[in-house]
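The values are calculated or read from the model by the stated rules, or taken from the named source; none is laboratory data. Please read these numbers as outputs of a predicted model, since none were measured by experiment. Methodologically, a virtual Cβ is constructed for each residue, glycine included, from the backbone with ideal geometry; neighbour enumeration extends over all protein chains shown. Note: areas computed on protein heavy atoms with side chains; ligands, DNA, RNA excluded. Shrake-Rupley method; radii C 1.70, N 1.55, O 1.52, S 1.80 Å.
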Amino acid sequence: MGDAAYGTAKNCAYVIKQGTDFIFRITPSKFPIYDVMGSRIHRKMLLPVGKEKIKETLCLIKEKDTKGKIIKTHYVRVIVAKIPENKVKAAQKRKKAKAKKAETIQNAAYVFLVTSLTLTEESYGKEAIIELYRSRWQIELLFKCFKQNLGIKTIRIASQ
């Protein structure tokens, strides 16, 4: 599980080749996804519509070699959830300082996730994926609290 820094098609393909699963947050403009026919999917096609809060889309990612040649495609699920209305303005304000495109500010109203967890398993519905990712964020906040309030700069593991 990882944030947008890990959410690249290359990292997704690597994890799949290792025989494990992932949930990564992605930046839509930096994460090319395709439909089953191989056509690029625009981020607007992924967004929830109307009263829908979460939308899920089955997509393909393309694994490329060092020369950019496509060597394999992988199925992934892209799950997009609306951020609660009371938090959208703050999220957009944070993005505004670094945003080069208006699309970046619009994307701040959503959480874009990609996962290899299958659709067939009931325990991994789109709501469960969102909850798993939120749980990861709670752990990040705990580490932030340790570092800021307790003056801990490095957290080390003594044993497995």
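Points worth noting:
- Ordering of 130-139, 150-159 by burial proxy (mean other Cβ atoms within 10 Å per residue, highest first): 130-139, 150-159
- Applying the Karplus relation 6.51 cos²θ - 1.76 cosθ + 1.60 with θ = phi - 60° to the range 108-118 yields 3J(HN,Hα) values of 5, 7, 9, 10, 9, 10, 10, 9, 9, 4, 6 Hz, where x marks Gly and Pro.
- The apolar share of the surface of the chain, taken as the fraction of accessible area on carbon and sulfur atoms (1.4 Å probe, ligands and nucleic acids excluded), comes to 54 percent.
- Estimated distance in nm for a label pair at R136 and T73, the labels positioned 7 Å out from Cα along Cα-to-Cβ: 2.5 nm
- By the rule of a C-alpha distance below 17 Å, with chain neighbours fewer than 8 residues away ignored, the aspartates and glutamates paired with K17 are E63, D65.
- Rounded accessible area per residue of the chain, 1.4 Å, Å²: 71 Å²
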